[in-house]
Structures are given as structure tokens and as C-alpha cells.
Amino acid sequence: MSHHFVEFKDVHFRYPDGSSALNGASFRISHGESVGIVGANGAGKSTLLMHINGHLLPSSGSIVVGDLQLDKHTRQDIRKKVGLVFQNPDDQLFMPTVFDDVAFGPLNLGISADRIAERVEEALDTVGCLKLKDKPPHHLSSGQKSAVAIATVIAMRPDILVMDEPASNLDPKSRRQLIELLKAFEHTKIVASHDLDLILDVCKRCIVIKDGRVAADGPAEAILSNKALLEGNNLELPLSLQKQSINKESTSMDDMAKLNHLLHHWKEHNDEHAATYREWAAKAEQAGKSELAETLRGIYGAAKNLSSLFDEAMKKT
Amino acid sequence: MHMADALLSPAAGATFWAGTLAAIAYCSKKLKETMDEKMVPLMGVLGAFIFAAQMINFTIPATGSSGHLGGGMILSIVLGPYAAFVVMASVLTVQALFFADGGLLALGCNIWNLGIYPCFIAYPLIYKPLAGSGATSGRITAAAMISGVVGLQLGAFSVVLQTLLSGRSELPFNTFVLLMQPIHLGIGIVEGFVTAGVINFIKSARPEIIESAFSTRPIAAGVSLRNVLVGLSVAALLTGGTLSWFASANPDGLEWSIEKTFGKPELPEQPQGITHSLKRVQEATSFLPDYSFRKTGEKTESAGAGEKAEVWPNVESGKSLSGMVGSGIVIGMILLIGFSIKAVKKKT
Amino acid sequence: MFDTEFFNLGYLDRLSYQNTFIHRIDPRIKLISSLMFIVAVVSFPKYAVTGLLPFFIFPVLFLTLGDIPFRFILKKILFVSPFAVFIGIFNPLLDSQPALNFLGFTVSRGWMSFVSIMLKFSLTISAALLLIATTSFPGICFAMQKLRIPKAFVAQLLFLYRYLFVLMEEAMKIVRARDMRSFNKRGKGIKHFVPLIGVLFIRTVDRAERVYNAMLARGFNGKIYSTKAYALTMSDILFIFASVGLILLFRVVNLTTLIGRWTTG
């Protein structure tokens with residue numbers, strides 16, 4: 001399994017009408033990451049998503065998904081790895097019943113008819129919509145439609161889940177349910193949205209796109225709390241952070257609060273990494289490389305120590 | 001205007017269904033051969049568009065009445081005739097079910113009247129040659145007007161023929177034609193105007209939609225189109241011929257069996273004997289403008305006099321009475337069944 | 001106007017997803033028996049009146065067993081009646097030969113054939129409406145496919161159905177926006193209708209493009225597979241035998257006059 005799951009290298013794209021949408025976008029997204037993509041209207045977010053899935057092919061530059069370089073011949077295979085959930089579930093759900101719609105992708109992948117029901121029910125169950133399976137899509141609420149749209153994609157078992165504005169048109173409760181659902185997925189996730197609070201909740205990493213280029217790339221907490229950066233990109237602080245900064249301004253402890261946030265974020269990352277080290281140590285042991293396993297366990301121990309140091313620092317802020 | 005089941009005879013309904021089904025099968029085959037996959041969602045969504053657009057009314061200038069979009073021409077121009085016909089057929093099918101426009105037997109006639117004429121006659125024979133490929137908006141307007149009018153005139157005339165062939169209405173040919181054609185002339189002009197407006201609008205806002213229709217779907221030139229028309233007419237004639245032959249040999253199939261069982265027709269009804277059917281066929285095949293199918297108000301048609309005497313043997317009050325009483329009892333029983341089911345259902 | 005029609009359509013659609021005895025009958029069975037019913041009704045000759053009456057048991061059974069509101073169906077039937085009435089009303093005007101005599105009243109053949117047209121009209125139209133009210137549209141499409149209607153056409157019907165409500169809602173929004181800002185007859189003429197339809201059309205084409213992309217994203221290769229498998233149950237078989245039997249009986253034997261003759265001696 002290759003480490004880098006999606007890699008854009010200096011990708012340019014020009015629409016047939018001459019307008020350029022991507023001007024040298026470059027980034028790497030690794031397995032298991034959750035990445036938010038933000039930017040002003042027309043910054044190139046949607047164009048970028050359409051590239052990940054091979055709907056559009058770059059005018060120049062290269063895109064690698066998994067171990068495949070995107071071109072005319074590989075786009076079909078890349079689509080099997082990348083599940084793209086469109087912004088409007090009415091575009092996504094085109095079959096007469098929920099069941100047929102979720103079955104559409106797997107059937108095209110060649111899943112046999114007798115195993116299809118199992119696949120469909122599993123996907124619907126994941127998004128909590130199993131009881132809707134015989135309904136026609138136009139009898140669903142917006143929230144249900146969004147959830148089913150996600151099920152249509154996860155039924156294909158993609159490695160990467162790409163979503164364009166997953167929560168637009170959702171009422172607050174449905175939006176919250178969707179956020180919880182997305183958090184629970186272990187897929188590599190790429191979410192483009194103007195809903196910065198959603199990005200903050202769901203994604204660890206955030207990429208800001210401006211004029212078809214990557215304007216900033218880093219931990220979501222850091223990027224989304226950088227007021228100057230966001231406002232330079234027609235964005236603003238997520239509401240949850242706006243509230244905090246109001247509180248902080250009154251006690252003039254802006255930087256400390258921010259540091260606390262960052263520490264919290266760092267610790268979370270570190271904890272996750274620590275778990276991975278341990279997993280690989282176990283795998284190395286199984287493979288008979290006990291020395292390597294020992295070293296990896298050492299790294300794991302150090303990471304655990306680091307974690308407690310973060311805790312300490314947080315207490316002191 | 002939609003043809004209705006109640007005005008049709010089974011033979012006429014089946015004939016047009018046969019023609020329509022043949023056309024659907026032919027177009028489906030054609031689409032399968034030539035279609036790019038992109039057309040699948042485009043046709044589906046455009047069908048829904050036509051359906052929705054037909055529900056939007058607009059006021060017709062100077063009359064105050066309201067009109068709506070027909071759609072056959074717009075679809076032909078954008079999708080080409082085969083796809084357009086399939087889309088029209090689907091729209092009419094959904095309307096027949098959800099709006100009960102005409103009914104299911106008449107659906108064959110309605111698809112024929114509102115699909116075949118615009119898609120396979122007005123569009124290829126009138127619109128295309130008139131508008132050409134690099135058309136100006138003036139030419140488009142003229143072409144859409146003329147083809148819209150012709151398409152609807154043919155459709156209206158077809159309604160007249162279907163009604164007369166079925167023999168359920170007393171309307172004489174001349175009167176009926178004089179009723180239908182002028183009304184549909186007005187509707188056709190308005191529809192042509194709207195079609196032209198919409199096509200010109202799309203052309204200025206998103207020229208590629210219509211250009212791609214011209215470049216990627218050359219609509220298979222005249223040859224195969226002629227095949228379609230020839231094939232359809234043959235199919236329709238064959239079925240129509242067979243059915244009317246069958247009808248003349250056995251007076252309406254079932255009636256014949258009634259006669260056999262009971263010795264005479266049970267109802268005060270008009271048996272369709274050989275002479276009658278022959279006369280019908282003759283009527284259908286020799287319509288000339290000054291020929292009237294059934295002379296208005298004429299009590300004794302020389303051809304049908306003897307037969308009618310036989311049809312209506314006697315006005316006998318005893319029979320009428322039993323008919324009335326029977327009707328009352330039957331209706332009463334049906335209502336009773338209905339109400340008792342309702343009552344039982346409410347309880348459970 | 002648009003709003004009412006839109007909601008009526010949605011209501012009818014929702015009715016078709018109920019779960020009653022009639023709704024559970026296999027769509028193929030219901031489609032076939034509805035078609036037989038219609039052909040049997042229409043095959044009655046021009047002046048038949050009494051023979052048609054027993055057929056009303058079918059709509060009554062569908063209405064009651066299928067939990068379909070009678071007034072709703074009646075309204076829809078009345079709504080589409082003008083053409084049949086318009087054509088039929090010429091019959092009493094043009095054919096005044098006496099047909100029967102009852103308690104001193106003479107009824108003309110024209111009136112008999114007019115009543116016959118109206119009876120046939122209500123029977124056939126209610127058959128179509130009750131078929132869709134008790135069978136989901138995808139079910140009917142499935143039945144059509146089994147009856148050898150070309151697959152491309154069935155797929156087209158299913159697509160149309162799926163986007164019907166989406167597009168009607170879009171059209172409704174546009175119409176509301178128009179009506180909100182137009183007064184008397186101003187703003188509702190052709191001049192404004194054309195760009196309105198044009199905009200709706202362009203949005204539709206764009207939507208088709210997005211749908212196509214969504215299909216490609218899930219591996220669409222020109223084929224649409226179907227997974228539905230209906231199996232005929234015992235009640236389906238009983239239903240088809242009972243309905244075909246009754247239809248034939250009503251068509252061959254005029255129960256109304258028979259009963260009338262018995263009772264009047």
C-alpha cells in the first residue's frame with residue numbers, strides 16, 4: 001500500500017471557455033487523513049474535487065491517486081478508489097428507490113445480484129437509513145437524502161471519500177448528525193465546504209485554496225483560527241472560534257487561548273500517531289523483525305511521554 | 001387535445017397502440033445503436049422538464065385564455081427525433097397515469113398524435129429544411145411556427161379520424177373537422193411562437209446546447225427516417241386491417257358469442273355486421289372534403305336503414321322497465337358492498 | 001393552480017406507496033387486469049348502458065380495499081372530463097330517434113349513447129387513476145418491462161419519474177416568483193413565459209450534466225441493472241382469476257337486465 005493517497009503536483013486546469021480554474025495546485029494527502037478544503041467562491045474548490053475523481057483531467061501537472069497516475073485510461077480505476085459525494089443529493093440520487101440507487105454503483109462494479117442486498121443494507125445501516133430502503137428518493141427529507149447519498153458512495157467501498165458541501169441545505173440537527181457520521185468514518189476524507197465549523201469538527205487538516213493555488217495548508221485548528229489568513233480569503237473565523245475570541249479579547253489572553261487550542265490539537269495528533277506506532281510494532285513483531293519492533297516500541301513510548309508533556313503545557317496556559 | 005378511452009373502439013385503440021409500440025421499439029433500438037451514454041440522464045431530466053413546463057400557464061394575447069407548452073418540437077430540435085419521440089411517449093404515459101389524461105387505451109393514440117407528427121413529420125420535413133444548420137433567429141422563428149402549426153393540425157386531424165373510426169360519436173366528419181382544426185390552428189401558432197422563443201433564448205444564452213445537437217446527432221439523414229415512416233404505416237395498416245377484418249367476421253368478438261349463447265343479442269345494441277364494417281372501412285378510406293360520414297340528422301340512411309331496423313327492433317316499455325329496475329338494484333348492491341367494506345375496515 | 005396540481009400529484013404518488021391488500025398485489029397482475037378491464041368496457045357497443053353498470057364494482061373495490069379517498073379520485077375524473085363531454089354531447093343533439101320508453105318518457109338513442117360514453121369514460125379513467133393510486137410507478141415500470149416494453153423506454157420512464165418532483169418544485173418556485181411580482185394579466189404573457197421556460201430548460205440541461213457526472217462517479221457504463229424481483233403469490237393468482245372471471249362474466253352476460261327481469265317477472 002502506498003503511503004501517499006492523493007498527490008497533486010503543480011496541477012493546472014483551464015476550462016474550454018478559457019477561464020483558468022487551477023494554477024499550480026500541489027499537495028499530498030496521506031492515508032487516513034481528514035482534510036478540509038476551503039476558499040472563496042470561484043477559488044477552484046469544486047474544480048479540484050472534480051480532478052480527484054477524474055471527471056476533469058489536468059491541463060498540465062500530475063495527479064496520483066493511490067498508485068495510479070490519473071489519465072484517460074486510469075480514470076475508471078481511480079473512480080473505484082475515490083467516492084465522490086455531490087453537493088446536491090438530488091443529482092446524486094437518480095434511481096427510483098433508495099435500494100436501487102445504493103445498488104447502482106456496486107452493480108456496475110460487477111457485484112453479483114445475490115450479494116447485492118447485503119452490500120446495500122450494510123451501507124444503509126452505516127448511515128442509519130436502513131429502514132428507508134424501499135422509499136423513492138423524493139419522499140425523503142433533505143437530511144435523509146444527504147445520508148443516503150453518502151451510502152451510495154460507501155457501498156462501493158472506496159478508499160477515499162470526497163465530499164462537496166455535504167451539509168448545505170441541512171437543518172442544524174441533520175447537520176449535527178451528518179458531522180457525527182463523518183467523524184465515525186475511517187476513510188481518508190476530503191471535504192470542501194464553506195461551513196468552517198463543520199471542517200473544524202470533522203477535519204484535522206485544512207487546505208486553503210485561492211486563485212487555483214494552495215494558499216495555506218496545515219492543522220485545521222491553526223488555519224481556522226488565523227483570522228488574517230481567513231479574511232484574506234473571503235472567509236471568516238468559524239462561529240465556534242469567534243465566540244471564544246470574544247471571550248478572550250475581554251480577558252486579553254488571546255495568544256494563550258490559541259496556544260491552548262493548538263496544544264489540544266497537537267496532543268490529539270500525537271495520540272493518534274502513537275497508536276499507529278504501536279500497531280506497526282506489533283506487525284513488525286509478527287513479521288519476525290523483533291529488533292525493529294523494539295525500536296518502534298521505543299518511539300511509541302517517547303510519543304506517550306510527549307503526550308503527557310502536552311497535558312502539562314495545557315494546564316499551564 | 002387528448003383522445004379519450006370512452007370515445008374509442010377496441011380496434012381503433014389497438015391499431016394505434018400497435019403503431020405507437022412499433023415506433024417506441026424502433027426508436028429504442030435506434031437509440032441503443034447510436035446513443036452516447038450522456039443521453040440517458042439528459043432525456044430523463046428533459047422529460048421531467050416538459051412535464052413541469054406544461055403545468056406552467058401563460059396568457060394568450062388578446063384572448064385572455066391560457067396556453068401551455070407542447071414540447072415535441074423543442075425536444076426534436078435539441079435531442080433529434082428518435083430521442084424526442086421516446087421522451088414525448090414517456091411524458092404522455094406519466095400524464096395518462098397521474099392526470100388520467102385520456103386513459104390507458106387512448107394512450108396509444110395520444111402518443112401517436114402528439115409524438116409521431118412533431119418528431120417524424122414536422123421536425124424533419126419542415127423545421128430542418130427551413131431552419132438549416134446556421135440558422136438566424138428569424139428563420140428559426142418561421143420554421144418553428146410553420147412546423148408547430150403543421151404538427152398540431154395533423155394531431156387534431158388524427159383525433160377526428162380516431163373518433164370517427166371508433167364510431168362512438170355522432171359528430172359528422174365535416175363538423176368535427178371544422179371544430180377541431182381552427183382551434184388547433186391558434187394553439188399551433190402560439191406553440192410555434194413559444195418554441196421559437198425558447199430555442200432562440202437557449203441559442204443566445206447557451207449556444208453549445210443546440211449546436212451540439214446539430215453536430216453530434218446528425219439524425220441519420222432522410223433514408224432511415226423514411227424507413228421509420230414506411231415501417232410505421234405498414235405496421236398500423238396491418239394491425240388495423242387484421243383487426244377490422246376480424247371485427248367484420250365476428251361482430252365484435254364478444255357480441256358474437258352472446259348471439260351464439262342466447263340466440264339473439266341481449267342488449268338493444270347495434271351489431272356490427274359485415275355491411276356495417278365494410279361501410280366503415282369505406283368511410284375511413286375515402287374521406288374527401290365534401291364527403292360527410294354520417295349525414296346530420298338524417299333519419300334513414302339508405303345504406304343503413306335495413307340494418308338499423310334490425311338494431312332497434314322495438315321500443316318496448318316492459319324491457320325498459322326491467323332495465324331500470326335492474327340498474328337500480330345493481331348500483332344499490334355495488335354501493336352496499338363498498339360501504340360494508342368501509343365499515344369493516346374502520347372497525348379493524 | 002400550479003401549486004395545487006403539484007401537491008395533488010404528490011398526494012397520488014404517496015397513496016401509491018400505501019400498504020393494503022390491493023397495494024400488495026403484484027404490479028404485473030394489476031396492470032394486466034386493468035388493461036383487460038378497459039378493453040372490456042370500451043368494447044361495449046355504442047348504446048350499451050345497463051351492461052356497463054356491474055363493472056363499477058371494480059373501482060368500488062379498489063377504492064375501499066385500497067384506502068383511496070373517493071372524493072379525490074372523483075375530482076380528478078371531473079377535471080379531465082371536458083373533452084369527452086364536449087364530443088359526447090353532440091350525440092343527443094344529432095340522434096333523436098327514440099330508443100326506449102319508460103313511464104311515458106321517451107329517451108332518444110343520442111342520450112343513450114351519451115350516457116354510454118360517460119359511463120365508459122368514468123370507468124376507464126378511474127381504472128387508470130386507481131391503477132396508479134394502488135401501484136407505485138416503479139412497480140408499473142417493472143410490469144411493463146416484463147410485458148416486453150423496450151428497456152430503454154422503461155429506463156426513460158423511471159428517470160422521468162425520479163426527476164418529476166424535483167423539476168416541478170423548481171418550476172413551482174419560478175412560477176411563484178413570477179406570480180408574486182405580476183399583477184392582473186401583466187407579467188404572465190408569452191413575453192415573460194419564454195425566458196422563464198428558457199431558464200428552466202438551461203437549468204435542466206445543467207442538472208442532466210451533474211447527474212451524468214454522479215452516474216460516472218459510480219461506474220456507469222451505459223447499462224442500468226435492475227435488481228427487483230417480484231414473485232407471484234397465491235393471492236396474486238387468485239386475484240387475476242377472480243378479476244378476469246368477473247370481467248368476462250360482466251362482458252358476456254348482462255347482469256343488470258337479467259336481475260331486472262327476475263325481479264319484475
Projected onto the charge dipole of the range C:150-217 (+1 at Lys/Arg Cβ, -1 at Asp/Glu Cβ, origin at the Cα centre), which of C:Y161, C:G189, C:V205 gives the Cα projection farthest towards the positive end? C:G189
Per-residue Cβ neighbour rank within 10 angstrom, fewest leading, C:F250, C:F86: C:F86, C:F250
Pair C:E5, A:L57: separation of 7 Å Cα→Cβ label points (nm): 4.5 nm
Global form of chain C, assessed from the alpha-carbon gyration tensor, a/c cut-off 1.5: oblate
C:K151 paired with A:K315, simple spin-label distance in nm, labels 7 Å along Cα-to-beta-carbon: 6.9 nm
Counting other beta carbons within 10 Å of each residue's own, what order do A:R205, C:R24 fall into, fewest first? C:R24, A:R205
Give, rounded to the nearest 20 debye, the magnitude of the charge dipole that the range C:150-217 has about its Cα centre when Lys and Arg contribute +1 at Cβ and Asp and Glu contribute -1 at Cβ. 380 debye
Could you size up the charge dipole of the range A:165-317 around its Cα centre, putting +1 on the beta carbon of Lys and Arg and -1 on that of Asp and Glu, and report it in debye to the nearest 20? 140 debye
Using a 10 Å cut-off on Cβ to Cβ distances, tally the other chain neighbours for every residue of C:126-133 and report the average as a whole number. 5
Shielding by partners - mean other protein chain Cβ count within 10 Å, residues of C:16-24: 1
Return one quarter of the surface area of the convex hull spanned by the alpha-carbon atoms of the range C:150-217, equal to its mean projected area, in nm². 5.8 nm²
For C:C141, B:C119, ascending order of other Cβ atoms within 10 Å (fewest first) is C:C141, B:C119
Counting other chain Cβ atoms within 10 Å of each Cβ in B:162-172 and taking the mean gives 5
So which of A:K80/A:K145; A:K131/A:K173; B:K342/C:K146 end up more than 31 Å apart, counting from Cα to Cα? B:K342/C:K146
Tell me the net charge near A:S62. Cut-off is 11 Å between Cβ atoms, A:S62 excluded, with +1 for each Lys or Arg and -1 for each Asp or Glu. -2
Nearest 10 degrees, 0 to 90: what angle lies between the long axis of helix C:151-180 and the longest principal axis of chain C (Cα atoms)? 80 degrees
So how tilted is helix C:27-42 from the main axis of chain C? Cα-based, degrees 0 to 90, rounded to 10. 50 degrees
Compute the distance in nm between two label points, each set 7 Å from the Cα along the Cα-to-Cβ direction, one at C:L248 and one at A:I299. 8.1 nm
For the range B:5-57, with only Lys/Arg (+1) and Asp/Glu (-1) charged at the beta-carbon, what is the dipole magnitude about the Cα centre, in debye rounded to 20? 100 debye
Dipole-positive endmost among A:I154, A:S112, A:L93 within chain A (Cβ charges, Cα centre): A:I154
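Each reported figure results from applying straightforward, stated rules to the coordinates on display, with no laboratory input. Please read all numbers here as calculations on a predicted model, not as lab measurements. Virtual Cβ from ideal backbone geometry, glycine too; neighbours counted across all protein chains shown.
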